[in-house]
1. E637: open to solvent by 20 Å² or more (accessible area, probe 1.4 Å) and part of a loop (DSSP other than H, G, I, E, B), yes or no?
2. Filter the stretch 532-557 down to the residues that are under 28 Å from the mean Cα position of the chain (by Cα) and open to solvent by 10 Å² or more (accessible area, probe 1.4 Å), then identify the one that is farthest from R597 (Cα to Cα).
3. Looking at the stretch 199-219, which of its residues are in contact with a Leu (Cβ under 8 Å, 6 or more places away or on another chain) and surrounded by fewer than 18 Cβ atoms within 10 Å (Cβ to Cβ)?
4. In the stretch 605-634, what residues are among the charged types (D, E, K, R) and surrounded by 18 or more Cβ atoms within 10 Å (Cβ to Cβ)?
5. So is D738 part of a loop (DSSP other than H, G, I, E, B), touching a Pro at 6+ places or on another chain (Cβ under 8 Å), open to solvent by 10 Å² or more (accessible area, probe 1.4 Å) and of a type in the set (D, E, K, R) or not?
6. Mind checking which residues of the stretch 792-810 are open to solvent by 20 Å² or more (accessible area, probe 1.4 Å) and not in a loop (DSSP other than H, G, I, E, B)?
7. Considering only the stretch 271-292, how many residues are surrounded by 12 or more Cβ atoms within 10 Å (Cβ to Cβ), under 25 Å from W169 (Cα atoms) and not hydroxyl-bearing (S, T, Y)?
8. Suppose we filter E613, E632, E645 for residues that are outside any helix (DSSP H, G or I) and free of Cβ contacts under 8 Å to residues at least 12 places away in the same chain; which single one remains?
Amino acid sequence: MRFGHFDDQHREYVIERPDTPLPWINYLGNEAYFGIISNTAGGYSFYKDARLRRLTRYRYNNAPLDMGGRYIYLRDDDPHLSGSFDTLRTTPRTWSPSWMPVRRSLDSYECRHGMGYTTIKSELAGIESQTRYFIPLGDNLEIWELTLTNRRSETADLSVFSAVEFALWDANDDATNFQRNYSVGEVEVDCSSSAGGEGVIYHKTEYRERRDHFAYLACSEPLAGFDTDRGAFLGPYRGWDAPQAVEAGQLSGSIAHGWQPIGAQHVKVRLKAGEQKKVIFILGYHENPKDAKFDPPDSQTINKCTVLPIIARYLNADEVEKAFVALRKYWDGLLGKFTVNTPDVHTDRMVNIWNAYQVVITFNMSRSASYFESGIGRGMGFRDSNQDLLGFMHLIPERARERILDLAATQLPTGGAYHQYQPLTKRGNNDVGGNFNDDPLWLVLSVAAYLKETGDWSILDEAVPYDNVPGTEKPLHEHLQRSIQYTLDRLGPHRLPLIGRADWNDCLNLNCFSDTPGQSFQTTTNKEGKVAESVFIAGLFVLAAKEMAVLVESHQSNVEGTPQTFDLQPSTFYLNAASEMEKVVWAAGWDGDWFRRAYDDFGHVLGSKENDEGRIFIEPQGICVMAGLGMEDGRAEKALNSVAEHLATPHGIVLHQPGFTRYYLHLGEISTYPAGYKENAGIFCHTNPWIMIAETMIGRGDKALDYYLRINPSAREELSDVHRCEPYVYAQMIAGKDAPAHGEAKNSWLTGTAAWNYVAITQWILGIQPTYDGLQVAPVIPSAWDGFEAVRNYRGVRYEIKVERRGPGNSIQLEVDGLPIAGTVVPFPPQGTKQVGVLVIVK
Ligand code: BGC
Ligand code: NOJ
């Protein structure tokens, strides 16, 4: 069953009814001011950091779902109507054009989530309304552009109300520290018409003291009234579904002192039959210089001289339209960098639109704010952001560069890493644990991907501190060396890497031994951890060390004269390290038919035929084959066949089998989840593309695309009642075969699944992959595909690629601008070349 449809031409998903199984959300914002918005206008906004600079309130885990948003109420002011929020009335008095929060049935409803904007359109009793929500590029504000049309045959007198509930900046404190909160809230309402800011509501809690920022809500029309105190607006014991002031058609001009500051505005609109009118609301964030906060300087009144011109600009409908067109152009530019035309609509749609879009969103948000991430739980993950970058490089390389340097600056002198940092401060912290021994290796992969995309070798010489401590700066290449060394310094009894708190699987906590209810597996460690080892990290190490070897070789051939302080070892060092580790994996990490997963603190194996539960895990099958293990002797194929046999389901590939049926003290959080969910044998989508990549490496394009489509959100659209999350983005998890809700997705949007699937489909299945020597084109496509076309912008050159299947296999013959070349890498064209045509014959 579907709840909407894709409109690929406009790059939109069109939701056809408001009561989707879960709120289906979208993101607004590109660089600093961000918001999440649901299909019924729920969600919230923040500046840079969803925890530290929250603008508006949202109630997670609420009943009904999705409370708190960018609300607009409409009221029919016809004096003959009586009554109010009775949603069964045939002649409606009041309603929400976004359905929530009033939830009165609408005569029509449509929500279009697009690239950085959302439009909600509905009609009730002849009044059509359409609200376009977006954040203009380069400014810290959001626009709600409401267009009302009277489709009745007589004049309509309407009241329009806007309403937001302000958060008191620190979202955690805002949701917990009420003994303080209820006394600090402050607002200011500009009632003077002279300065041009008439009717603007300013939220300025703590501005009197150390903050130099405030929020504001402004409207393009003269106000008939306002409220800033929630109690006054809603009325006693009422909710957002039935504010008393809306019912009465009159706001009271309340000024919040403490309690819950809100912004609510009232605009009266008279529309003749067929008439249309725009009302623009803007909600924004603004900072003033510390020494110019007040006007007059000795007062406590906000200095508005720099904010008013911004407000004035965006209350103008032409400016709003210009800003929207600019936003569309921006996304046209980004998404135009790589487009494909294949025989499969789901592949095209995800590669050209939604997967690329999700990659940008995960780049921006890491794991901080979604419908499932509260914005106060987790920030920018070290391993997460390094992996998110893998799909992002070609989109905005300058921002990728900055992100890499920010991440590296939180690396510790040991080579280890803080597990996350807070976006506002860019300082690493241990809030969700530390000592995840895989963390530093991901930095190697992201830097290598950046270099292959851009050829910008200068990044390696950037001086980057450790732990953000000034004076500890070392070139980025030293950070990479320490990342590799970190693993080599931490080998266990089998000479496999020690796992630390956990590896990629955060919940495989082999040193925690936690028996205390509520204790966090992510932050507690009860064992020193000198025994438990990870085969996954071994595989990742081989992959990273081989990357380092190629990086060093390419550095030598691309950069003249090695810098005096070059901390990287010769490539042979990394190759030897990789091959030593491979030997260890074959000796201790191979189980006969698949790769083992780990050794626990007692030295017992996990992910082996010896185990009753957790006999086979997906992660080492993916990563070890990706690292090239078993390619020559058939063991890679064997491992992948075992995945197909034991782990694959129609809804995707589960993390392991059998799921753990009870809590195992020595395994940790993985065994806390009921089997089939999350890390306990759920379909953890992040890992599936590793198998797709591995399948292409052994030449099985049919299998790779088959796995790709099992979790492709668009391909699952028809199952929306089972899948339940948005059909346009990947979710972190789909319930595995042990779960009663097998096939149900959770934790959509913020997941490494986005970047990895993008990499798997574009670089491995379609086979278009940047290398140090040029653009490689080596597709491993399904046998039934007769070819595909792609356009890839790479280092300023537009590659027009045409792939033709002329035989059943994967052997490749390239013709570049009409001339055959050897190999699968298109060499860099002469300087100044704008376009290269590549014909790829697959046999
Ligand atoms: C989740 C993981 C997550 C970890 C850290 C665990 O409860 O299952 O997926 O990475 O917490 O926040
Ligand atoms: C989600 C975390 O963000 C990610 O870092 C981790 O690898 C997976 N969960 C698996 O535990």
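The values are calculated or read from the model by the stated rules, or taken from the named source; none is laboratory data. What you see is a predicted model; the values in this text were computed from it and never measured. Neighbour counts run over all protein chains shown; Cβ positions are idealised from the backbone, glycine included. Accessible surface is based on the protein model in full, side chains and every heavy atom, while ligands, DNA and RNA are left aside. Shrake-Rupley method; radii C 1.70, N 1.55, O 1.52, S 1.80 Å.
1. Working: open to solvent by 20 Å² or more (accessible area, probe 1.4 Å): yes; part of a loop (DSSP other than H, G, I, E, B): no.
No; evaluated as a whole, the condition is false for this residue.
2. Here the answer is E547.
3. E206 - this is the single residue of the stretch 199-219 that is in contact with a Leu (Cβ under 8 Å, 6 or more places away or on another chain) and surrounded by fewer than 18 Cβ atoms within 10 Å (Cβ to Cβ).
4. Residues satisfying the conditions are E613, R615, E619.
5. The answer is yes for D738.
6. Those that are open to solvent by 20 Å² or more (accessible area, probe 1.4 Å) and not in a loop (DSSP other than H, G, I, E, B): N793, R798, E800, K802, E804, R805.
7. So the count comes out to 9.
8. E632
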